[in-house]
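A short worksheet on the structure shown next.
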Amino acid sequence: MRHQGKLAAILALAMGIACTNDATTSSEPPPQSAPLTSLVVSLTTPNADDGALALTLRGPDVGQIQPASSQYLVYTRPISGDETHVIIVGDVEPGHVLTVTIGPGHKLTDYSAFMNEVAARNDALRGTLSDYQLTLAPSGN
């Protein structure tokens with residue numbers, strides 16, 4: 001039995017060394033991320049019958065704004081160099097609603113989106129926006 005105990009200790013030590021060597025011998029640099037050129041705006045909604053959204057995008061160098069669905073009509077109005085008002089009309093579904101191109105050299109944290117108003121498909125304004133959320137993420141470029 002002493003022989004089996006020594007063998008188990010040697011195997012455990014060898015496995016520990018192998019794991020340690022694997023973790024420390026990597027000399028590859030971390031992968032570089034692609035430059036950010038466009039953002040995806042996604043919607044979280046508590047309702048299944050949203051018909052229009054009015055939102056504000058803030059951030060530098062906002063370019064073209066495209067709807068995620070050909071079923072959406074999108075109207076935009078630049079307010080300033082860093083602010084754009086957007087209206088989306090249609091049978092709005094949760095998830096990806098817009099793609100926004102941006103100028104080079106910016107970070108995701110430079111941008112934000114805020115919900116201003118929401119109307120149901122019967123044109124009734126929603127009484128509260130507390131359960132609505134807009135999120136921004138890098139697009140697949």
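Computed from the coordinates by the stated procedures, all read-outs in this text should not be read as laboratory data. Since the structure is predicted, the reported quantities are computational estimates derived from the model, not experimental observations. Cβ: placed from backbone, ideal geometry, glycine included. Neighbour counts: every protein chain shown.
Given +1 at the Cβ of Lys and Arg, -1 at the Cβ of Asp and Glu and no other charges, the dipole of the stretch 38-138 around its Cα centre is 160 debye to the nearest 20. Between THR135 and THR101, residue separation times 0.36 nm minus the direct Cα-Cα distance comes to 10.7 nm. Estimated translational diffusion coefficient (Stokes-Einstein, Kirkwood radius over Cα pairs, 10 °C, 1.306 mPa s) of the stretch 38-138: 117 µm² per second.
Approximating the spin labels as points 7 Å out from Cα along Cα→Cβ, the ALA120-to-SER70 distance works out to 3.1 nm. Using the Cβ-Cβ distance between ARG77 and ALA34 with R0 = 30 Å, the FRET efficiency computed as 1/(1 + (r/R0)^6) comes to roughly 0.50.
Which trypsin sites (Lys or Arg not before Pro) in the stretch 47-141 pass both tests, a DSSP loop state and at most 12 other beta-carbon atoms within 10 Å? Numbers along the way, then the final one.
Working: sites: ARG58, LYS107, ARG121, ARG126; in loops: LYS107, ARG121, ARG126.
Of the trypsin sites (Lys or Arg not before Pro), the ones in loops of the stretch 47-141 whose Cβ has at most 12 other Cβ atoms within 10 Å are LYS107.
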